[in-house]
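Participant: So that we are looking at the same thing, I have put the structure below in structure tokens.
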Amino acid sequence: MNKPMHSILSAANTASSYKDSHIGHMLVEQGKLTLQQVETVRLMQKREGLLFGEAAKRLGLICEDDIQQVLSRQFDYPYLQDGSGNFPSTLIAAYRPFSVEVEELRSIRSQLMSRWFSASRKKLAIVSVNSGDGTSLLTANLAVVFAQLGVQTLVVDANLRAPRQHHIFNLPTPSGLADVLAGRSDLNMIEMIDSFVDLSLLPAGSPAPNPQELLNRASFNAINQTLCERFDVVLYDTPALLSAGDALAVAARAGGVLLVIRKDHTRISDLANVSDQLRHSGAEIVGSVMVSF
């Protein structure tokens, strides 16, 4: 039998009041509001019939970014406000999670989750044709949106020639993948990115004179196996394929490749050549993404 309408409304009002109260408490915790300001907001809220956040905005006490930040905490969806975190502004998934660009990243994430990632397939190499095509930024931003989903995500900087991930995530690189492959270190140097609960980074590590030889070592297979036991998604940032063959070694071990195409820059003939090389390596091209970084 259906519940009486007044009972449903009462429950809804109680839930709304609790939510608004929780938002006010969180804003006080963050130093955005004082307790006295919370009471002022509640008086206006009651008088005008507004949500807590809308009333606080009308009073000029907070802005829309403050509300979105609180909601992100309520729903375990971490992102940062401008100026915090010391990451570059190009890490748009961290700073502008509600932008059109990040919506597109989430769409890519959804397609990868349905078409590639599974309990038996956790690795994906991000590969571009030419240097400067935006592979590192795409890898970093994709990693953030995967972590925001609550997926244990690892970025492996396999670009041993010109690594960038430690710069993007503002971390030192005393050792990393190159050192592990050379047998001088282990996987304990994987760094958690504090701003994103489910995101970690294995940096490239020490400069190596023989990156392609290192990436072709049999020990890379054992490393991959260990990483897949610890993480749900492992994204490999690689150097451009036309500048070095390193990406082929990474792609072969990852099994899957996401191709990066730079708008008004990547040549169709080069893309066809790279695609053939990747297929011959035994990797599956899962899809491609056009970027304009």
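Participant: One residue is enough: does the range 13-24 have a residue meeting the conditions modelled with pLDDT under 85 and farther than 29 Å from PHE98 by Cα?
Facilitator: No.
Participant: Moving to a separate point now. So if I check each of ILE62, ILE92, ILE67, which one is over 17 Å from the mean Cα position of the chain (by Cα) and modelled with pLDDT of 70 or more?
Facilitator: On inspection, the qualifying residue turns out to be ILE62.
Participant: Ok, one more. Any idea which residue in the range 141-180 is farthest from the chain's Cα centre (by Cα), counting only those that are β-branched (Val, Ile, Thr) and either outside any loop (DSSP other than H, G, I, E, B) or within 18 Å of VAL289 (Cβ to Cβ) (or both)?
Facilitator: So, considering only residues that are β-branched (Val, Ile, Thr) and either outside any loop (DSSP other than H, G, I, E, B) or within 18 Å of VAL289 (Cβ to Cβ) (or both), the one farthest from the chain's Cα centre (by Cα) is VAL180.
Participant: Something else about it: If you go through the range 87-130 one residue at a time, how many are surrounded by fewer than 16 Cβ atoms within 10 Å (Cβ to Cβ) and among the aromatic types (Phe, Trp, Tyr)?
Facilitator: Going through the range 87-130 one residue at a time, the tally reaches 1.
Participant: I'm trying to understand the selection: among the residues of the range 148-158, which are in contact (Cβ under 8 Å) with a residue 60 or more places away in the chain and more than 17 Å from GLU229 (Cα to Cα)? Even if it seems obvious, please write down each step before you answer.
Facilitator: Of the range 148-158, the ones in contact (Cβ under 8 Å) with a residue 60 or more places away in the chain are 148, 150-158.
GLN148, ASP157, ALA158, listed by residue number.
Participant: Could you give every pair whose Cβ atoms fall below 6 Å, whose first residue belongs to the range 33-53 and is over 18 Å from ASP66 (Cα atoms), and whose second residue is part of a helix (DSSP H, G or I) and among the small types (Gly, Ala, Ser), counting only separations of at least 6 or pairs across chains?
Facilitator: MET44/ALA55
The values are calculated or read from the model by the stated rules, or taken from the named source; none is laboratory data. Values in this document were obtained by computation on a predicted structure and should not be read as measured data. Every residue, glycine among them, receives a Cβ derived from its backbone with ideal geometry; neighbour counts consider all protein chains shown.
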